[in-house]
Amino acid sequence: MKKHLLVTLMAAVLFAGCGQKKTAEQQAETKAKTEGNYDYLNPSDEGQTAAAENLSGKVIALTSDEFRSKVTDINPELGLRYKGTTPCIVDFYADWCRPCMQLKPITEKLAEKYKGQLIIYKVNVDKAEDICRSLGIQSIPTLFFFKPNTQPGKMVGAPTEAEFEKLIQDFINK
């Protein structure tokens, strides 16, 4: 009986400690998001070099590591710094998501149409949970709009083709 009580007590302490750690991590993440110093640098500033950009007009799938190398590092201290020189849209999607799959042919068509002016990336949320957690993505599809020296824009949900094209035109011309 004493062993059972001791094991139960130890388990309760262990789970309570994990819960507090997670809460502390969540608080730190929230603080970084709300108080972060968002500094947007052009890759040519401070001797940085721009990541090689693919202007083929194709939608480009990225892993977490590729997202960090081509789009941005997620650093609460430095903020989000877009590494490219050509504006880009990052589509966070999942293969099982019906609205995401309806958006797929639209992104492919618009990537080809805006070839050389815009890059469209896609990131599978099931394979990049760390990126999604860091960016606060809770619903899909979620689109992030990145340009050099500007704060990224965000849209949750699947726009129609006409809505998406208007968003792109406004984004490029802004």
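Summary table
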{"item": "3J(HN,Hα) from dihedral phi, the stretch 161-167, Karplus parametrisation 6.51/-1.76/1.60, rounded to Hz, x for glycine, proline", "result": "4, 5, 5, 5, 5, 5, 4"}
{"item": "Gain upon complete extension [residue 108, residue 66; 0.36 nm per residue less C-alpha separation]", "result": "13.2 nm"}
{"item": "Residue 119 long-range amide H proximity, modeled H, under 5 Å", "result": "88, 89"}
{"item": "5 angstrom amide H check on residue 142, placed H, neighbours 5+ away", "result": "92, 157"}
{"item": "Nonlocal amide H pairs with residue 80, under 5 Å, H built at 1.01 Å", "result": "39"}
{"item": "Entries of 70/166; 70/122; 127/154; 104/154; 83/166 with Cα pairs more than 22 Å apart", "result": "70/166; 83/166"}
{"item": "In sequence order, calculated HN-Hα J values of the stretch 142-155 (Karplus, 6.51, -1.76, 1.60; Hz; x Gly/Pro)", "result": "10, 10, 10, 10, 10, 9, x, 6, 9, 6, x, x, 9, 9"}
{"item": "Computed label-point distance, nm, for sites residue 169 and residue 155 using a 7 Å Cα→Cβ extension", "result": "1.3 nm"}
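No value in this document is a laboratory result; all are computed from the given coordinates. Nothing here was measured: the structure is a model prediction, and the numbers come from that model. A quick note on method: Cβ atoms are made from the backbone with ideal geometry, for glycine too, and the neighbour counts reach across all protein chains shown.
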